[in-house]
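In what follows, a structure is listed as structure tokens, so that the remarks can point back to it.
The values are calculated or read from the model by the stated rules, or taken from the named source; none is laboratory data. Just so you know, these numbers come straight off a predicted model, no measurement behind them. Note that each Cβ is placed from the backbone with ideal geometry, even for glycine, and that neighbours are counted across all protein chains shown. Remember, those area values only see protein heavy atoms, side chains included, never the ligands or the DNA or RNA. Shrake-Rupley method; radii C 1.70, N 1.55, O 1.52, S 1.80 Å.
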Amino acid sequence: MALTASEIKQINRLLLSWYKVSARPLKIRERSDPYAVLVAEVMSQQTQISRVDVFAERFLSRFPTLRSLARAETADVLQAWRGLGYNRRALLLHRAAVASHALGGIPTDVDSLEALPGVGPYTARAVAAIAGDGREIPVDVNIARVVQRLVGGRRLTPKPLQAVANGFGAHLKPGEAGRWAQAAMDLAGSTCLSVRPDCSSCPLRSVCRSKGRVRATRKKRSAASTVKFETTQRWLRGRLLDELRDAGVAGVRVRGARGGHDAAAVRSAIRRLEGEGLAERIDSGAYRLPRRSSRKVRR
DNA sequence: CACGCGTGGGG
DNA sequence: TCCCCAAGCGT
């Protein structure tokens, strides 16, 4: 059974007032600059949330404006991304900057945002809610858990889930959706935990339809033979990227074995990186970080 | 739609 | 020291 309007309003009220006293928002999310918010949201998908402020500020000090990122060489973006993981996301962020700079700025409506490279349903709604006046709730895995529990714990597929989440947004004032989302994420990380939620201290306990009847532990895990990390593609790609970062514009000849990968595997990996736009082959036969994005922006 | 993507931090 | 983990997006 769907929540009534008054139940939704009550939940919104409780959540926002709880947030006022006990939330620890990302500073970066309190900016109204859609560019800064986009950078922070992309990073928040791959790094400890508590470190996003530090990483985002570092990145933003190197590329303070959308224009500066849009005009940057791919190599410099990848250098600034060192240590942050998921290098393809740096490429996508760069391409999103190029595309939106050409449009005159980062859009703040969901549809235009979602058309940008690397920006999907979550990121689009997060930027629209935080930097714009969007009222659609960005649903990440944490907010999904909170919302599903609030309505009774039934697992919802993405589309119905988004619709239920938007039901909360529809009763918010303009500008509140971003805080609602931040509050729900904080609640998910501190109280409405995946494994052992602390319902007794939850500000929403009086209105939650799953209070006290959350299934105990869910375990999947194991199986999958233990694979040495040095034998994985991720490890190899990460090492090759760092070699390219260290080499600079002169590039480096990539030959020989790395960890558990023979020379042929290394050649194959560097060619794959080249195909993805993460490496550039130069005349000498060496590779370096690409000076410019080698692939077109997809649209 | 199932899978691949990177890294640093915590147990 | 070793093992486990995060989490949205593109393909």
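So here's what we get for this one:
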| read-out | value |
| --- | --- |
| Rounded accessible area per residue of chain A, 1.4 Å, Å² | 53 Å² |
| Table column - 3J(HN,Hα) (Hz), segment A:240-254, Karplus curve with 6.51, -1.76, 1.60, x for Gly and Pro | 5, 4, 5, 5, 5, 4, 5, 6, x, 5, 5, x, 9, 6, 9 |
| Stretchable slack from A:Asp33 to A:Arg155, in nm (0.36 nm times residue separation minus alpha-carbon distance) | 40.4 nm |
| Rounded percent of accessible protein surface that carbon and sulfur make up, segment A:62-130, 1.4 Å probe | 50 percent |
| Placed amide H near A:Gly132: partners under 5 Å, 5+ positions off or other chain | none |
| Leading residue at positive end of dipole, chain A (Cβ point charges), from A:Gly178, A:Thr231, A:Ser44 | A:Thr231 |
| Choice from A:Asp53, A:Asp246, A:Asp262 showing the highest fluctuation, given a GNM over chain A with Cα pairs closer than 10 Å | A:Asp262 |
| Dipole magnitude of segment A:229-288 about its Cα centre (Cβ charges: Lys, Arg +1; Asp, Glu -1), debye to nearest 20 | 100 debye |
| Zero-based 5 Å bins, Cα pair distances in chain A, whole percents | 1, 5, 11, 14, 14, 13, 12, 11, 9, 6, 3, 2, 1, 0 |
| Alpha-carbon gyration tensor eigenvalues x 5, square-rooted, for segment A:229-288, Å | 18, 11, 11 |
| Per-residue SASA entry for A:Phe63, accessible area with 1.4 Å probe, Å² rounded to 10 | 0 Å² |
| Links that overshoot a 26 Å alpha carbon limit, given the list A:Lys27/A:Lys228; A:Lys20/A:Lys211; A:Lys9/A:Lys211 | A:Lys27/A:Lys228 |
| Helix-derived mean residue ellipticity, 222 nm - over chain A, DSSP H n ≥ 4, -39500 (n - 2.57), to 500 | -15500 deg cm²/dmol |
| From the C-alpha gyration tensor of segment A:70-143, square roots of 5λ in Å | 23, 16, 9 |
| Per-selection Rg to Rh, segment A:1-119 - Cα, Kirkwood hydrodynamic radius | 1.07 |
